[in-house]
1. Quick one: which residues, 5+ away or cross-chain, put their amide H under 5 Å from the amide H of B:Phe491? H built at 1.01 Å from N.
2. For the protein assembly as shown, would you read off the P(r) tail past 36 Å as a percentage of all alpha carbon pairs?
3. Let me confirm one metric for peptide A:64-71, namely the mean number of other chain beta-carbon atoms within 10 Å of its residues' beta-carbons.
4. Using a 7 Å offset from the Cα along the Cα-to-Cβ direction at both A:Asn96 and B:Gln486, what is the distance between the two label points in nm, to one decimal?
5. Applying 1/(1 + (r/R0)^6) with R0 = 60 Å to the Cβ-Cβ distance of B:Lys29 and A:Val175, what FRET efficiency is obtained, to the nearest 0.05?
6. Quote the FRET efficiency, to the nearest 0.05, computed for A:Leu3 versus A:Val56 with a Förster distance R0 of 30 Å and r equal to the Cβ-Cβ distance.
7. Just to check, using Stokes-Einstein with a Kirkwood Rh over alpha carbon pairs, what's the diffusion coefficient of the stretch B:237-387 at 10 °C and 1.306 mPa s in µm²/s?
8. What are the extents of the Cα atoms of chain B along their three principal axes, listed from largest to smallest and rounded to whole Å?
Amino acid sequence: MNLVFALLFYAATIILVGGVAYRIYEYARVPAPLKIPTTPAPTTTGGVAFRMFREVVFFESLFKSNLWIWALGWLFHVGLALVLLRHLRYFTEPVNFVIAFIQPFGMYAGFAMAAGLAGLWARRFLVERIRYISTPSDHLMLALLLGIALTGLGMKFLMHTDVVAVKAFFLGLMVFEINPLPAHPGLYLHLAMVALLMIVFPLSKLLHAPGVFFSPTRNQVDNPRETRHLAPWAAQLDSKN
Amino acid sequence: MADETTPVAAAPAPKPAPAAKPAAPAKPKIEAPAFREFPTIPALQPDAMAGSNPFVAAANHNEAIGFPGTLVEGWEQKAVAKMGELLGTYRSLRVYMDACVHCGACTDKCHYFIGTGDPKNMPVARQELMRSVYRRYFTLPGKLFPKLVGARDLTKDVLDDWFRYYNQCSECRRCSVFCPYGIDTAEVTMAAKEIMHTVGHGHKYVNEIIGKVHKIGNNLGLPGPALEDTLLGLEEDVLEDTGAAVKYPLDMQGAEVLLVTPSADFFAEPHVDSLIGYGKVFHAAGISWTLSSKASEAGNFGMFIGNYDQMKKIAMRVREAALELGVKRIVVGECGHAWRVAYAFWNTLTGVGAGANDPFAIQLQKQLDPNYKQPSHICEVTWDLIQAGRLKFDKEANDHRIVTFHDSCNVARGSRMGDYGGGQFDIPRNIIRAVANKYVDMSEATTREKTFCCGGGGGLLTDELLDLRVKGALPRMEALKQVADQHGVNFMATICAICKAQFTKVLPYYGFKMSMVGGVHQLVSTAIVLNNEQ
């Protein structure tokens, strides 16, 4: 089992990092030929950075759009962010004091994350419009994330596992050593689902995470009269004038 | 720009004239949906608009603008290949195909969904028509597990759905305001139309019009002599009404300003009243100006079909006209999508602005007055003159009107006026307040960047889609009803030729007079004080 999980996590990490890097390369390589910021838009680069910051940190557009989705979505994402930060303790020795400081918050964030996910999933059944647009993979994605959250919370509050051994396992992986993983069904389940999430990340709608930074309606400066915007392929057409 | 029937502001029309087309088969009568007491989200009515059938372009219309005449042999592969090409040339499409998480934020934001209840008019569902095909051909999960991720082959049924529902999107971008990733359905719709054109499956209305622009110079197909006649007629009318010899020059060499305006302004009501207004503004300010018979159309339907080449070709006419006439400044009249193309795209497409480096663009840059932004909106011109104290108004002349303002989608969400984001909302309102005493805004959920499309934009302003247009106008009509009931609003000003034509047609369906809609410069025209000595 130790070897299986070790190989699984090596593979998942390669797919996640390589896959997302490739997507980012693709998004960056394809030009935006026209100025299409959704106006009113910032007229300076600093303004665009601030708009993107509000969008990524506070989900500003979603807030304007639908308070229910915003509240549930934000709860989930902030919960997830804290939980991820909390988990950094499994990968660092000594543990950074910030990470040590947020440990208790990260614990409650696990509940926030699960609650947000449950709410988002409920919408897929209860709201007719959302039910219409949901695909099986949308449900599976939520099931996967909720499964990860619940098994994690389960190990924290119901059936503990040997976290010291888990840490030794992951610290070992980082220097290509395979240390024993506690034989704990909850832990196996938790880790398997995390690895699966890492693998599907670059192949699925989870790409909204890097995608938002490349969205021309949000990342473009509104200055088309002052500065000429020209994509390379459009510039070639220009030379024919 | 206007639909075939030129609407005339006639006596009160209690019953709308049935929009019967002799050739069309008998259809159920078109009725407006009931006003909602509260703006509740409609229950889904699957396939409610599946019967909406835009006319497929005839071979001559397609071929005239460089597309195959009819659906080509092996169109499936060609369409997929074209999609691949677009994914490699448009970052918007590339990112938007991946980024949607089906959160549902956009589902209740589209006026066509609100008016029809058809779930495929929810922006996310409209995008999914293409995204499902994208997944099938361009993603691993879609190739391996199509059912699981909602991927499907591009079949004739799918193509028909595309044609039906991408011709139920007015590319107004309201959904993109509310999307957490800024996904713009207009970009997807444009890509879908581009793909359909490439395989010979275009929309008749739009393609016919693009053909007319190239052949004759404007969307309505008005030849130069007809324009000249019309403009002379306007000069006579204005002289009679005001005693001022306001000129409406055509192709006048050496004029300071080239005005490019939608061709509907030359003939259609109420459009022409704004054209009269532009002329009065230039006259009162003592600015020499001219219209151009070559660039007698500000509209650029190339945008509606997402075709860069067409958009560039149509825009290039304006640059050529500006060079030939030797003008110092280019000004665009009241037209929503035209202003988006002019403001956001002209500099890219033709170098009207700053920074282009081909010989003609450089020549143009030398010729144009660097003190003015290129291009300028007529509202920017008028507002600058008002601020400079160069225009005088008799505001009481508009006292019979209680005015509200409809933000046109392309101006609101795709462009700007003035020096700050949001100037496109303030400047037209400032002008209205400067020329009229009574002004009321509609509900803030329906104005500024949250404005609702009139229901006729994006190349849908055609009689065969009247049912869709009437239904799509519902949210705007509700907001108008509210201010009409509460404040007695009797005039809805707007700065878009399509809005004007669309509202003239659909207002009666909602129990309003068609003469309720008009241009901002129509109000200017009513109140402006002209120097009769000239």
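Every number here is computed from the coordinates shown, using simple stated rules; none is lab data. Keep in mind that this is a model prediction, so the values were computed, not measured. Glycine also receives a Cβ, built like all others from the backbone with ideal geometry; neighbour counts cover every protein chain displayed.
1. Under 5 Å from the amide H of B:Phe491 lie the amide H atoms of B:Ile402, B:Thr404, each far enough along the sequence or on another chain.
2. When every Cα pair of the protein assembly as shown is considered, 47 percent fall beyond 36 Å.
3. 5
4. Placing both labels 7 Å along Cα→Cβ, they lie 5.1 nm apart.
5. FRET efficiency, B:Lys29 to A:Val175: 0.20.
6. Taking R0 as 30 Å, the efficiency between A:Leu3 and A:Val56 is 0.20.
7. 102
8. Answer, in whole Å and largest first: 78, 58, 46 Å.
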